[in-house]
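Written out below as structure tokens is the structure these notes cover.
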Amino acid sequence: MPPWRLFAVSNILITIHNNLQWRGGMGKFPLVRIMDFISRVFPFDTLEKEELDGVVGHMELAYFPRGETIIKAGGEPARNLFIIHSGSVRVTLPSEKAEDYLIDVRGEGDIFGAVSLLQSTEAIFSVTAQEDLLAFLLPAADFKRLIDEHEVFQRHFSLSLARNIRAVCDSSQSHPGHVFGVDSLKEMAVQMRGRVAELMSSNVLICHPEKSIREAAMEMTRREVGSIVVVNGNGNPLGMVTDTDLRVRVLAAGLSPDNKVAEVMSQPPLTIAPQSFAFEAMLDMTRHGVHHLLVTEGERMVGVISDHDMKVVTGSTPVGLAREIDKVSSMGELARFPERIRRVLELLVNLGSSAGYMMDLVNEFMDRLYIKLFELCEKQMAEEGLGAAPAEYTWLALGRAGRKEQAPPVRQESALVFADVPPEQEGVVREWFIGFSRRVGEALNRWRFCCGSQEQSTGGAAWCRSAVIWRRTYLDWVRDPAFLPAGDPGAVFDFRTLHGDPEFGKTLRESLWAELDENPVFLEVLLRRETAVRPPLGFFRQFLVEKDGLYSDRLDLEGHGLRLFSGAVRIMALEGKLEETNTLARLRAAADRWSMARHFEDDLYEAFNFMTVLWISRYLETTAADAAEGGRIDPASLNMMQKKMLKESFAVIGRLQDLLKARLAHGAAG
């Protein structure tokens, strides 16, 4: 886009100086704020202050309204590198069909235009403002100088180029209309399964615990690294000091820089093995809210991996999003995160992440979101004069949430368990918790974020009970399965503690196992209910779609595929008294007990992962209003490879159901 067009669009394109003014009398936009922003964008955060000052001095600020095409595929190469200050863009590849292929979505702190600049040929991708966009523009000459003079810039942007070219190849071969590249599960998994050893820095900066904070900080600055490992006399790691530690534990706390590093180091350091997958490192960083992991083999330190290293692969990391959720202080702020989680999921799909990784990461976000929601609802009720929670309580996540399979995000099935109180108090206590759970549900309805209708979910007044009542309810279900909930009856046994004391869940599980020994017929009854529905595959291996109604000619991928799979594996877990709730973890733990052939186990893994990625892809195409449709797909929209894999997946679920029926019919599983 030529410069005159930028002026015409917004009339606020301005050169950044110390007294930077918004045109139109909108006040100052201080240089210090720009410096602070750019200094937190990778890889500009690796530059010395003096050089960063010079780079920022050459930048311009541009505004693009929603829908504006900033770079057009097939058009002139970009003349600037774009750094997004606010808003977001869609990076797409032209298609002969009605809608272009989506390659990426980028937001605050992300960069685009590098591919076009480095190739100096016509643009490969189109970049369009998805929201009103403010972006800093760095001229091509300045950007290319940074590439030439700084290895970190060269490494990051050359890998970004390779990644985008690969995306073009993948897109042209595998995008069937709107589906985000699910031709081969194995090909997808490989893309995000690089090893930590391939990304880590092996030249680790170390120091002894007696070194002063000042000396350690100077060493970090000299080496241009964000961490220093504290070791003992034998070279074994004791802890780690990061640039975050220096800001929070030293500067903010007013600690003297002459103190020893041992006083501010994080100990013991979080570690990961060099042969671990890159996605495992990212997940650990997200869960623990850290930016660095120590890489060790046994007790030997072999390197350090940081979120900057992960950005080289993915272009961004979700660590910051998890931290932002924890810092939320109002419902209004919290309401912004569901859409951001959806964007992370969209990014992961386009990166070819595995189903397991996507489910782990989305579950981490959703758990944090729910825990923050509980905190805010409690606060609201106290402020309205309804008082604090009148008793301790445990929130049990059930079904997909209980199995940690919330990608795509689902309307959470749940049970609220409040501590036993004297009979005369129970009515008042229960009323408070019913009001509390209602507020949680109302917030979820406003988000319009999760799959599944409210009517299909557990929760509400009927699912708010005391500990003794819940324990009795579960035992009654085992004694008489006729009283199990409709729909997905076994989902209530996929429970885990999301909030509160985990002891209730532990003792409930032990009580269930004892009751199962007394009522072995329960598993046979549950199996009959779980296998009453078969995968939608006919005798001649044709798809059996819904014949009429709102979803005619559709396949219920979730209800007639994934739910049947998880239900069968749940039977195996209950029979073997397994603590695991996740479907694949249960399958791993139960496979030997059920004498399952290794190739059959592998087929089950592939089927589950393929169907999950396919459902996630279709979910991302739906609007919020259509999210209740769940995992229904039109088989005509699938390409030949996807149809073949889906048929194979349905067939392997049918074989699993047959295996369970044959084993339990003989009264033994092992």
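Each value in this text was obtained by applying a stated rule to the coordinates, not by laboratory testing. Keep in mind that what you see is a predicted model, and the values were worked out from it rather than measured. Heads up, the Cβs are rebuilt from the backbone with ideal geometry, glycines too, and the neighbour counts pull from every protein chain shown.
Structure shown: which of Lys327/Lys506; Lys404/Lys661; Lys404/Lys577; Lys547/Lys647 lie over 21 Å apart, alpha-carbon to alpha-carbon? Violating the 21 Å Cα-Cα cut-off are Lys327/Lys506; Lys404/Lys661. Remark: spin-label model distance Glu524-Glu210 equals 7.5 nm, labels positioned 7 Å along the Cα→Cβ axis.
Treating only the Cβ of Lys, Arg, Asp and Glu as charged (+1, +1, -1, -1), what charge dipole size does segment 217-337 show about its Cα centre? Round to the nearest 20 debye. Can you show the working numbers first?
Numbers: 11 positive and 15 negative charges, 33 e Å.
It works out to roughly 160 debye.
With a ≥ b ≥ c taken as the square roots of the eigenvalues of the C-alpha gyration tensor of segment 492-630, please select rounded if a/c is under 1.5 and otherwise prolate if a/b is larger than b/c or oblate if it is not? The shape class here is prolate. Take the alpha carbon atoms of segment 195-257, find their center, do the same for segment 339-396, and report the distance between the two centers in whole angstrom. About 33 Å separates the Cα centre of segment 195-257 from the one of segment 339-396. Length available on full extension from Glu546 to Thr244: 0.36 nm per residue minus the Cα-Cα distance, which gives 103.2 nm.
If each residue of separation counts as 0.36 nm, what is the full-extension length gain between Arg79 and Glu339 once their alpha-carbon separation is subtracted?
Numbers: separation 260, 0.36 × 260 = 93.60 nm, distance 3.16 nm.
My answer for the length gained is 90.4 nm.
For Val290, no residue whose modelled amide H falls within less than 5 Å of its own remains once neighbours fewer than 5 places apart on the same chain are excluded.
Calculate, in nm to one decimal, what Ala141 and Glu648 gain on full extension: separation in residues at 0.36 nm each, minus their alpha carbon distance.
Numbers: separation 507, 0.36 × 507 = 182.52 nm, distance 5.33 nm.
Contour length minus the Cα-Cα distance gives 177.2 nm.
Given labels modelled 7 Å from the Cα in the Cβ direction, how far is it in nm from Asp480 to His288? Taking the two extended label points, one gets 5.1 nm.
Our analysis of segment 344-448 gives Rg over Rh at 1.07, with the two radii drawn from alpha carbon positions and Rh computed by the Kirkwood formula. Taking amide H positions as modeled 1.01 Å from N, with prolines and chain starts lacking one, the residues under 5 Å from Ser86 and 5 or more places away or on another chain are Leu134. Each residue of segment 592-609 is assigned a 3J(HN,Hα), and the resulting list reads 5, 4, 8, 6, 7, 4, 4, 5, 5, 4, 4, 4, 5, 4, 5, 4, 4, 5 Hz, derived from the Karplus form 6.51 cos²θ - 1.76 cosθ + 1.60 (θ = phi - 60°), x at Gly and Pro. Distances between placed amide hydrogens fall under 5 Å for Asp494 paired with Gly399, all partners being 5 or more residues away or on another chain.
Here the label points at Glu149 and Glu108, each 7 Å from Cα along the C-beta direction, are separated by 3.0 nm in the simple model. Treating r as the C-beta distance of Thr507 and Ala462 and R0 as 25 Å, the FRET efficiency rounds to 0.65. Cross-link partners of Lys372 among aspartates and glutamates, defined as those whose alpha carbon lies under 13 angstrom from its own and excluding same-chain residues fewer than eight positions apart: Glu324, Asp326, Glu333, Glu364. What does a probe at Glu375 reach in segment 242-270, counting residues whose amide N is under 16 Å from the point 7 Å along Cα→Cβ? Under 16 Å, as judged by backbone N against the label point of Glu375, lies no residue of segment 242-270.
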